[in-house]
Structure formats: structure tokens, C-alpha cells
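Encoded as C-alpha cells, the structure appears first; notes follow it.
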Amino acid sequence: MVAGDGRYGSDGELKILGDAAKYDAACTSSGVDRKSGPGGIGSSMAAGICHSFAGDGRCISLLKVLMTNACAYDCCYCVNRRSADTPRIAFSPRELADLTIQFYRRNYIEGLFLSSGVLKNPDYTCERMLETIRILRQEYHFAGYIHAKAIPGSDPVLLEQLGQLVDRMSVNIELPTSSSLSLLAPDKNKQAILRPMGFIRDRMEEARQQLVRYRHTPAFVPAGQSTQMIIGATKESDRQILQLTEGLYRNYRLKRVFFSAYMPVVEHSLLPAKDEKPPLWREHRLYQADWLLRFYGFDAGEILDERQPNFHPYIDPKCYWALRHRELFPLEVNRASYEELLRVPGIGVRSAQRIIRARRLCQLDFDGLARLGVVLKRAQYFLLCKGKNVMGSL
Ligand code: SF4
């Protein structure tokens with residue numbers, strides 16, 4: 001494999017390296033508003049960058065691509081691992097920057113999601129990613145959204161430079177526990193993954209404080225950092241995964257934790273068989289629970305505990321929690337606090353806010369709740385209005 005040797009042509013390289021990137025789920029919207037300066041190109045909107053969906057239903061942002069699928073590591077769940085028999089190619093930084101700009105000019109994409117296999121070592125890989133992004137930002141004055149994967153083990157000096165050029169960075173936590181990591185990804189370890197996360201968190205905080213003090217200061221990863229975890233390749237319970245997620249939000253101020261149901265693409269004695277279905281429903285339940293952690297004031301320990309360490313396949317986590325805490329219901333909607341309302345299945349953040357506003361003016365009944373956007377087919381079992389349930393009984 002020669003980096004950017006043109007053997008496959010740009011189209012062939014893009015097909016292979018774009019396909020190799022599809023298992024990376026950390027690709028949602030930018031969260032950054034920015035216009036290009038004079039002579040610049042591109043812009044970024046908080047509403048998000050373009051997304052596409054791969055054949056297997058995964059969300060893929062355009063242009064989402066690897067620098068290279070060659071990798072010095074041997075994570076046994078990965079199609080690009082060192083021992084895999086697959087054609088290896090790499091973009092040169094100039095080639096990838098040119099391709100991104102061409103795609104941008106043709107209106108195919110609004111940004112770049114750049115990841116990479118570990119070519120030679122983390123520093124060398126990071127330098128190549130950095131050079132690609134430097135060309136885009138400084139030569140083409142590209143102001144569109146860029147999300148870059150930080151390669152654990154890279155020198156903080158390189159991470160610093162990368163963080164000043166990109167909108168978002170992510171360091172993949174990969175697997176929920178250290179023991180799973182050493183079993184399936186022997187070249188990685190938890191500390192090496194958490195170190196750059198801590199570095200990015202500290203630098204983001206520093207940049208935020210400087211901005212308050214000086215008003216004009218170089219931004220550092222303005223759209224925040226995220227991570228991704230593979231679900232179902234190892235035996236951890238949903239509770240373990242959720243507790244880790246909560247810890248990552250609290251300790252590393254992550255913007256998002258992404259969950260990726262393990263796709264059995266390789267045959268390996270330590271992994272689920274290739275014909276096993278990916279646990280997509282678990283991935284979905286984890287996203288629902290993640291929402292409860294971030295917006296509904298739940299703790300991981302409330303959602304799942306030692307007695308119930310896994311999600312119910314047919315009941316969403318909020319409803320599952322409510323059914324296990326029937327002593328707290330029914331709630332009188334005209335008296336319940338905002339925090340209590342948020343815990344009712346069928347009441348979301350918006351409808352809870354509307355209820356609080358509306359009841360300053362009048363006492364609410366079930367028809368009024370429906371008009372405020374409450375999903376009554378779920379909420380009715382947990383609420384009273386003016387002391388009566390939905391059947392009108394006291
Ligand atoms: S580091 Fe591991 S997961 Fe990443 S490309 Fe290499 S083998 Fe795959």
C-alpha cells in the first residue's frame with residue numbers, strides 16, 4: 001500500500017474509504033453557526049450538516065471518510081484490523097482536501113467527517129489528518145463543518161492544533177469496560193482513550209474562559225466532543241453501559257455519546273457469530289435512556305438497577321421506570337412540579353413547559369392536555385386532572 005498512489009483512482013479510493021467509515025456513528029449535526037470570510041468558501045449551520053443513509057440504515061454524513069484503511073492495530077471486531085485480508089489504500093492530505101472542496105462546490109456535501117486507521121503510529125496519522133484540514137481551512141479558506149477523530153496516543157501538541165481547526169472532535173471509547181478492550185482491542189487501553197478526552201475538555205473550558213475575558217480568542221472544538229461505544233460485541237449489561245455513559249457526560253462534558261450496535265462483519269471466536277442479528281433495539285433503548293439522562297433529570301441508577309440491569313425489549317425506559325414506581329402515580333397535573341411532570345410517560349420537555357405556562361391561567365383537563373401536545377394514550381394512566389382520572393372517576 002502506498003499512500004495516495006492512485007492505483008484505484010479517486011473514485012475507487014473514495015468508495016473503499018467511505019465504505020470503511022460507515023461503522024462510525026458519531027456524525028450528527030454541527031451545532032456551530034459560521035459564515036465564511038471574504039474570499040472564503042462554505043459555511044456551517046447549527047441546524048446540522050447533510051446526512052445520508054447507508055444501505056443498512058446507518059446515518060452517514062457526507063463526506064464521511066477515512067484517511068486510510070491501513071491500520072497498525074488489530075481490534076478483532078474491525079474490518080480494517082492489521083490481520084484482515086483487505087486492499088489497503090490511503091488518501092494523501094492534498095488529495096482528500098481537493099476532493100472535499102470539489103464535492104463542496106458541486107453541492108454534494110456541507111462538511112467533512114474525517115477518521116482514520118492508525119497508519120504507522122498515532123502521531124503520524126494525526127499529522128496527516130491535520131495537514132488535510134490545514135489545507136482546507138488555510139489554503140481553501142473552507143468554513144464548513146469539520147469533525148475529526150482524535151487518535152488516542154497522539155501528542156497533545158497535535159491535538160491542540162487539530163482542536164483549533166475543527167468544529168468537533170471525538171475519541172471513541174470503543175467498548176464499555178477495560179477488560180473488553182484488552183480482550184478485543186489489545187493495542188488500546190482505557191487510559192490512552194480517556195487522556196485525550198480530558199485534554200479536549202480542559203482546553204475547551206480554557207477557551208471558554210478566555211472568550212469571556214478577551215472576547216476574541218481562538219476557538220477550540222466549538223461544537224464540543226463526542227464518543228462512540230460498540231454495543232453487543234461483549235457481555236456488558238445495559239446498566240453498565242448507561243453508568244459509563246453518565247460518567248462520560250459528567251466527567252468529560254461530552255456533547256454526545258453515540259451507541260453503535262455491533263454489526264457482525266468478521267468471523268472471530270471472541271465475537272458474536274456472523275449470522276447473529278445486530279442488537280438494534282438495544283441501541284434504540286440506549287438512545288432513549290441517554291435522552292432521559294440529558295434532558296429529563298434521570299440518573300443512570302434510577303433507570304436500571306441491580307435487579308433490572310437490562311432494558312425491556314418492548315417497553316421504553318421511561319415507561320419501564322414509571323411502571324416500577326407506581327407508588328408515585330397518578331399525579332395531579334395541576335399541582336405537579338415541572339420535574340415530576342417530566343417523569344410521566346407521554347409528557348416531553350416541550351409539553352411539560354406548556355403545562356406549567358398554561359395552568360397559570362386555568363385548571364387543565366384531559367382535552368386541554370391533548371391540545372398542549374401530551375401523548376394521552378400513554379400519559380392518561382399516570383395522571384389526574386382536577387382530581388379525576390381520564391374516565392372521569394375521582
Ligand atoms: S484502531 Fe482498531 S477500530 Fe480503529 S481502524 Fe484500527 S483496527 Fe479498526
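Derivation of every value follows stated rules applied to the coordinates shown; laboratory data play no part. Remember, predicted model here, so these are calculated numbers, not experimental data. Because the Cβ atoms are built from the backbone with ideal geometry, glycine has one as well, and the counts that use them run over all protein chains shown.
Within region 149-160, take every residue that is under 15 Å from A192 (Cβ atoms) and away from the ligand (no atom under 16 Å from the Cβ) and give me the one that is surrounded by the most Cβ atoms within 10 Å (Cβ to Cβ).
L159
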**Fill in**
By residue number, the members of region 63-115 that are assigned to a helix (DSSP H, G or I), of a type in the set (A, V, I, L, M, F, W, C) and in contact with a strand residue (DSSP E or B) (Cβ under 8 Å, 6 or more places away or on another chain) are L96, I101
**Complete:** The lone condition W291 fails out of (1) in contact with a Phe, Trp or Tyr (Cβ under 8 Å, 6 or more places away or on another chain); (2) closer than 30 Å to G144 by Cβ is (1)
**Prompt:** Across region 129-148, what is the total count of residues that are out of contact with any helix residue (DSSP H, G or I) (no Cβ under 6 Å at 6 or more places or on another chain), surrounded by fewer than 24 Cβ atoms within 10 Å (Cβ to Cβ) and closer than 18 Å to P93 by Cβ?
**Reply:** 4
**Of all residues making up region 258-277, the number that are under 20 Å from S179 (Cα atoms) and under 17 Å from the mean Cα position of the chain (by Cα)** = 4
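Select, from E174, E236, the only residue that is in contact (Cβ under 8 Å) with a residue 24 or more places away in the chain, charged (D, E, K, R) and within 16 Å of the ligand (Cβ to nearest atom). Step through it out loud before you land on a result.
On the way: E236 fails: within 16 Å of the ligand (Cβ to nearest atom).
Step by step, each of E174, E236 is checked, and only E174 is in contact (Cβ under 8 Å) with a residue 24 or more places away in the chain, charged (D, E, K, R) and within 16 Å of the ligand (Cβ to nearest atom).
Run down S260, S269 and say which single residue is buried (at least 18 other Cβ atoms within 10 Å of the Cβ) and within 19 Å of A84 (Cβ to Cβ). Outline the logic, then answer.
Numbers: S269 fails: buried (at least 18 other Cβ atoms within 10 Å of the Cβ).
Exactly one of S260, S269 is buried (at least 18 other Cβ atoms within 10 Å of the Cβ) and within 19 Å of A84 (Cβ to Cβ), namely S260.
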**Complete:** If we ask which residues in region 82-100 are surrounded by 20 or more Cβ atoms within 10 Å (Cβ to Cβ) and either among the β-branched types (V, I, T) or within 16 Å of the ligand (Cβ to nearest atom) (or both), their number turns out to be 4
**Request:** Assess whether G144 counts as being under 17 Å from L96 (Cβ atoms) and away from the ligand (no atom under 16 Å from the Cβ).
**Result:** yes
**Asked** Considering only helices (runs of 4 or more DSSP H) fully contained in region 280-340, which possess at least 2 residues that are among the acidic types (D, E) and either on the phi < 0 side of the Ramachandran plot or in contact with a Cys (Cβ under 7 Å, 6 or more places away or on another chain) (or both)?
**Response** 280-295
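Among the residues of region 63-80, is any away from the ligand (no atom under 16 Å from the Cβ), in contact with a Phe, Trp or Tyr (Cβ under 7 Å, 6 or more places away or on another chain) and touching a residue at least 12 places away in the same chain (Cβ under 8 Å)?
Of region 63-80, the ones away from the ligand (no atom under 16 Å from the Cβ) are 63.
Add one more test, that the residue is in contact with a Phe, Trp or Tyr (Cβ under 7 Å, 6 or more places away or on another chain), and what stays is 63.
Checking the rest, the ones that are also touching a residue at least 12 places away in the same chain (Cβ under 8 Å) come to 63.
Yes.
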**Request:** Being of a type in the set (G, A, S) and within 16 Å of the ligand (Cβ to nearest atom) is the filter here, so list the residues in region 103-141 that pass it.
**Result:** S115, S116, G117
**Prompt:** Tally time: how many residues in region 138-159 are assigned to a loop (DSSP other than H, G, I, E, B), of a type outside the set (G, A, S) and over 18 Å from D123 (Cα atoms)?
**Reply:** 2
